[in-house]
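Shown next, in structure tokens, is the structure this report addresses.
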Amino acid sequence: MDFKRIFRGPIIYIVIAVIAVFIGTTLLTSSGFKEVSTQEGLDLLKGSTVDSVKIVDGEQRVDLTLNKADGDNGDKVQFYYVAPRGTEVVEAINAADLKNGFDDEVPQTNFFTSLLGILLPFLIIGVIFYFLLSRMQGGGNRVMQFGKSKAKLVGKEAPKVTFADVAGADEAIEELEEIKDFLKEPAKFLAVGARIPKGVLLYGPPGTGKTLLARATAGEAGVPFYTISGSDFVEMFVGVGASRVRDLFDQAKQNSPAIIFIDEIDAVGRHRGAGIGGGNDEREQTLNQLLVEMDGFDVKTNVILIAATNRPDVLDPALLRPGRFDRQIGVDSPDLQGRKQILEVHAKGKPMADGVDLEVLARKTPGFTGADLANVLNEAALLTARSNAQLIDNRALDEAVDRVMAGPQRRTRLMNDKEKLITAYHEGGHALAAASMRNTDPVTKVTILPRGRALGYTMVLPLEDKYSVTRNELLDQLTYAMGGRVAEEIVFHDPTTGASNDIEKATSIARRMVTEYGMSAKVGSVKLGAAAGEPFMGRDMGATRDYSDNIAETIDEEVRALIDQAHDEAWQVLNTNRDTLDRLATELLEKETLDHTQLATIFEGIEKLPERPQWLSSNTRPLSDRPPVKVPSKIPVDSGLVDGGVESDTPSKPKRTPRPRKTPGIATA
């Protein structure tokens, strides 16, 4: 039993209060009379030892004062009687020889006692309400501070994070460094007519380092930094959120220049009027107050708001306009160089073996975010400690990557020989189909060891970061996805349920090719279907179909045609390279896992799929035979240019060397 928790809670105080009330009542009601039985009291009245009698009405009590002590009872005794015996008691008193006579007492209700009886229930309710509010607000000292801001002021004693601790987000760091410079040297910017940005919105997938960038800004800025979560504004009481926004900005204005950081701002800044019933009144009042504070009538405010979200599409347009969030900085998954830098940051303090190459590890983790990469190194360290090793080697890193991508290996899942053979051919079909394509990424690993929810998996990774995908590359992905199912059909003539996830992914890719990417000649370059959303997560009630039934039938036909084409291509390459498929399955049964070197040996001499015919979006648009221009050589950066601006002749302190800009684009899975 946790006695400390009991003593910290309210139970101990309730028990003490009950005991105190009992003791107080006992002391107040004690009158010095010793209680005896009714029979003994009547016998005393018949004797000559009773000096005086007092009869108390209502309580049916008789107090006897004796002229000499009656044994252990003393000279004051009392007894009680029932109503039917009242006549007998009165007759005994009348017949008794009383020196000082008797007296009748009718108790009168005390005013203060009556008042206490009326007020006591309200006092109890008030104490309970006080206790509940104190628990809700985190302590009795904050009971009535509903509208006070819960923002935390980052102090100097907090662990300091700087931009040197952030890697893989060079563009975001540049923008935030300018905010820091503006706060330190506002005259430099005001001299050319620039004004301080009101807000900076950091958006991007989860785990890309948005909160870390805000913490680094706090460490670099040297001004008061208030941090709060968007959910801290939301309360069950209407108007509390708006009051907290006012209090937060009041605190920041009193200590201006200052920075306010709101994490997960989509909790309070969602589109107004969204969802079932037209939205939430409390949240919309909070948002309205936030809009006023960011760009209201007070134009002299020297407070910058930094916010982070991974759902910028659900934010209210009034919140995103210039004058409120002047800058919207995308924080995407890092590229190859960024991943290497992130791995170097998280590798500090971890003993690495001599053969570990973080650049190779960065190539194995395309699409990983900063949080994923930190998790990879942490998993590798845990695996190293678990095996009682001293250095983190490549085997621990490879296993850590597999654990992050597909989950831990399930050693307790034992498959019989037939299931293992089917899995070997299934994964071999994926690998061989991918290796036989002309536009797919290389196969780097194949395993039939159960991991996560999969009985095995084939890893196909790009050699470099890619930001767009061609139609032929998507068709190769479809063929690679259908390779496992086709291998089962060719070898066993009886497909299994193991291809369900492959079919799901292939269908999703094919449908996007038709409805989103305009890669169907029949449908054309038309975006079909509205973006899907959740009732309480965005502005739409769900995906809406903005096309006719005939178009829907055409979409289904085109999707089916793409899947059938991939099925046929996989059947063709697997039948053509059947010997290679059998050899690959044999190797998998013996070794269970094959890396890229072993796969390259097995795939030597395979016959690739012939080039596909040139696709035409329309037969009426003939192809041009003119080739594209040659890519020009890279122009060196002019030392006189500073990130898009021309350096003036006025001498100043040395400029920071600009970081190279990354090529913008859209990352695809």
Unmet criterion (only one of (1) surrounded by fewer than 19 Cβ atoms within 10 Å (Cβ to Cβ); (2) assigned to a strand (DSSP E or B)) for residue 411: (2)
Selection count where residues are open to solvent by 10 Å² or more (accessible area, probe 1.4 Å) and modelled with pLDDT of 85 or more, scope the range 255-266: 3
Subset of the range 175-198 [open to solvent by less than 20 Å² (accessible area, probe 1.4 Å) and either at pLDDT 85 or above or touching a Leu at 6+ places or on another chain (Cβ under 7 Å) (or both)]: 176
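Touching a helix residue (DSSP H, G or I) at 6+ places or on another chain (Cβ under 7 Å) and surrounded by fewer than 20 Cβ atoms within 10 Å (Cβ to Cβ): does that describe residue 399?
So residue 399 passes the test.
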Candidate set from the range 19-39 (those that are at pLDDT 75 or above and part of a helix (DSSP H, G or I)); member that is least open to solvent (accessible area, probe 1.4 Å): 38
Boolean, residue 473 is under 29 Å from residue 359 (Cα atoms) and of a type in the set (Asp, Glu): yes
Residues of the range 599-612 satisfying the condition of being touching a residue at least 40 places away in the same chain (Cβ under 8 Å) and either open to solvent by 60 Å² or more (accessible area, probe 1.4 Å) or aromatic (Phe, Trp, Tyr) (or both): 603, 607, 608, 611
Restricting the range 467-481 to residues that are touching a Ser or Thr at 6+ places or on another chain (Cβ under 9 Å) and among the hydroxyl-bearing types (Ser, Thr, Tyr), the residue that is nearest to residue 564 (Cα to Cα): 479
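Yes/no per residue for (1) surrounded by 11 or more Cβ atoms within 10 Å (Cβ to Cβ); (2) part of a loop (DSSP other than H, G, I, E, B); (3) hydrophobic (A, V, I, L, M, F, W, C):
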site	(1), (2), (3)
597	no, no, no
614	no, yes, no
617	yes, yes, no
623	no, yes, yes
627	no, yes, no
631	no, yes, yes
Scope the range 462-496; condition in contact with an Asp or Glu (Cβ under 6 Å, 6 or more places away or on another chain) and open to solvent by less than 20 Å² (accessible area, probe 1.4 Å); matching residues: 479, 481, 484
Leading residue by the ranking (farthest from residue 447 (Cα to Cα)) among those in the range 553-592 that are hydrophobic (A, V, I, L, M, F, W, C) and open to solvent by 20 Å² or more (accessible area, probe 1.4 Å): 561
Any pair with Cβ under 8 angstrom, 6 or more apart, that starts in the range 476-504 at a residue that is closer than 21 Å to residue 611 by Cα and ends at one that is among the basic types (Lys, Arg): 476/438; 481/505
Lone unmet requirement of (1) in a helix (DSSP H, G or I); (2) over 30 Å from residue 362 (Cα atoms); (3) not small (Gly, Ala, Ser) for residue 192: (1)
Evaluation of residue 382 against (1) open to solvent by 80 Å² or more (accessible area, probe 1.4 Å); (2) assigned to a loop (DSSP other than H, G, I, E, B); (3) not acidic (Asp, Glu) (one fails), failing number: (2)
Some residue of the range 162-171 being modelled with pLDDT of 75 or more, touching a strand residue (DSSP E or B) at 6+ places or on another chain (Cβ under 9 Å), of a type in the set (Phe, Trp, Tyr) and closer than 18 Å to residue 216 by Cα: no
Residue within the range 421-432 that is outside any loop (DSSP other than H, G, I, E, B) and surrounded by fewer than 20 Cβ atoms within 10 Å (Cβ to Cβ) present: yes
Some residue of the range 199-209 being over 23 Å from residue 316 (Cα atoms), at pLDDT 80 or above and open to solvent by 40 Å² or more (accessible area, probe 1.4 Å): no
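The values are calculated or read from the model by the stated rules, or taken from the named source; none is laboratory data. If you're wondering where the values come from, they're calculated on a predicted model, not measured in any experiment. Note: ideal-geometry Cβ built from the backbone for every residue, glycine included; neighbour counts use all protein chains shown. Accessible surface is based on the protein model in full, side chains and every heavy atom, while ligands, DNA and RNA are left aside. Shrake-Rupley method; radii C 1.70, N 1.55, O 1.52, S 1.80 Å.
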